[in-house]
Amino acid sequence: MSLARALEPEVMDTEEDARAYDSMDHAAVNAAFCDDLLSHAPDLAYALDVGSGTCLLPIALCMRVSTARIKAIDLSASMLELGRSHVERAGLAGAIELALEDAKALPVPDKTFSAVVSNSVVHHIPEPAAVLREMVRVLRPGGLLFVRDLVRPEDEATLAALVHTYAASDTAYQRSLFDASLRAALSLDELREMLRSLGVPPECAQKTSDRHWTLAFREPS
């Protein structure tokens, strides 16, 4: 029997959570995300990053694309506090706007952003369709929606192998976070069913690694 989805807290808002997340090595994952995103030639004139955490991904993007302007949102004040220090240290305060906002109810009009991106936040959301709906709503015609997240393993053995492969050198607390995130992730079939309900072609979502799915969808002009 396939693993059932087990929800984890939507917001990682303690200082311990923020520092544990920030101390993990995200460099390779963020670099791969940037490579894959940029292969779609997105317009980053005014992009939205949903679930920015400590803002490492927006920083990586702006270091690659000097003209990028990104609004980075998260529901965790502790994450954004660390993120703001990273942004200032990188000299990117003029390129990255940080905001404490709920991605399930974005306080902006339709068709606001030239691109919407997100890395590993969907699994935190109890009802992910609400976030995906908002991402589509605020995307401008011709804009790119690019979302990557964990995919839930089929069984306990696969989950344990992934934790061992990717978190063996992390602390016990960090390994527990990764384990919980894998259990909270969507299956590819669950994701595609949500996309159908939103009018997004389900084939826009593909499994792209042993632990990730990726959604790449361009809003019709």
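The values are calculated or read from the model by the stated rules, or taken from the named source; none is laboratory data. Note that the coordinates shown come from a computational prediction; the quantities given were computed from them, not determined experimentally. Note: ideal-geometry Cβ built from the backbone for every residue, glycine included; neighbour counts use all protein chains shown. Remember, those area values only see protein heavy atoms, side chains included, never the ligands or the DNA or RNA. Shrake-Rupley method; radii C 1.70, N 1.55, O 1.52, S 1.80 Å.
Work out the length of the dipole vector of region 69-172 about its Cα centre, built from +1 on the beta-carbon of each Lys and Arg and -1 on the beta-carbon of each Asp and Glu, and round it to the nearest 20 debye. Could you put the intermediate results ahead of the total?
Values: 11 positive and 14 negative charges, 117 e Å.
That gives region 69-172 a dipole magnitude of about 560 debye.
For the chain, what does the relative contact order come out to in percent, with C-alpha contacts under 8 Å and a separation of six or more?
Numbers: 393 pairs, mean separation 49.7, N = 221.
Dividing the mean separation by the residue count of the chain yields 22 percent.
Compare Y21, Y166, Y46 in a GNM of the chain, Cα atoms joined below 10 Å, and give the one with the largest fluctuation.
Taking springs between Cα atoms under 10 Å, the residue moving most is Y166.
When the dipole is taken about the Cα centre of the chain, and only Lys, Arg (+1) and Asp, Glu (-1) are charged at their Cβ, what size is it in debye, to the nearest 20? If you can, show how the numbers build up before the last one.
Working: 21 positive and 33 negative charges, 145 e Å.
With Lys and Arg at +1 and Asp and Glu at -1, about 700 debye.
Can you give me the Kirkwood hydrodynamic radius for region 37-88, using every pair of distinct Cα atoms, in Å to one decimal? Write out the running numbers ahead of the final one.
Numbers: mean 1/r = 0.0890 Å⁻¹.
The Cα-based Kirkwood calculation yields 11.2 Å.
How high is the FRET efficiency between T165 and D189 when r is their beta carbon distance and R₀ equals 30 Å, given to the nearest 0.05? Don't skip to the answer; put the middle values down first.
Details: r = 24 Å, r/R0 = 0.79.
It comes out at approximately 0.80.
Sort M194, M135 by accessible area with a 1.4 Å probe, largest first.
Reading off the accessible areas and sorting them downward yields M194, M135.
Given the options L56, F113, A184, identify the residue whose Cα lies farthest towards the positive end of the charge dipole of the chain (+1 on Cβ of Lys, Arg; -1 on Cβ of Asp, Glu).
So the residue furthest toward the plus end is F113.
Which percent of the accessible area of region 129-214 is formed by carbon and sulfur heavy atoms (probe 1.4 angstrom)?
Values: 2000 of 3720 Å².
Taking all protein chains in place, region 129-214 shows 54 percent carbon and sulfur surface.
What is the magnitude of the charge dipole of region 25-77 about its Cα centre, with +1 placed on the Cβ of each Lys and Arg, -1 on the Cβ of each Asp and Glu, and no other charges, expressed in debye to the nearest 20?
On the way: 3 positive and 6 negative charges, 40 e Å.
Dipole of region 25-77, to the nearest 20 debye: 200 debye.
Across 5 Å bins from 0, what is the distribution of all Cα-Cα pair distances for region 130-221, in whole percents?
Result returned by the calculation: 3, 13, 22, 20, 14, 11, 9, 6, 2, 0.
Apply the a/c threshold of 1.5 to the C-alpha gyration tensor of region 67-126 and tell me whether it is rounded, prolate or oblate.
Details: a/c = 1.92, a/b = 1.22, b/c = 1.57.
Because a/c hits 1.5 or more and a/b fails to exceed b/c, region 67-126 counts as oblate.
Show me 58-65, 209-216, 69-76 ranked by packing, highest mean number of other Cβ atoms within 10 Å first.
Ranked by mean Cβ neighbours within 10 Å, highest first: 69-76, 58-65, 209-216.
Any idea which of V87, V65, Y173 is furthest toward the positive side of the dipole for the chain, if Lys and Arg beta-carbons carry +1 and Asp and Glu beta-carbons -1?
V65
Can you compute the equivalent ellipsoid semi-axes for the chain, i.e. the square root of 5 times each eigenvalue of the Cα gyration tensor, sorted largest first and rounded to whole Å?
Listed largest to smallest, the semi-axes of the chain are 25, 22, 15 Å.
Along Cα→Cβ, 7 Å out, is where each label goes; now give me the distance between the ones at R89 and E203 in nm to one decimal.
Placing both labels 7 Å beyond Cα along the Cβ direction yields 4.5 nm.
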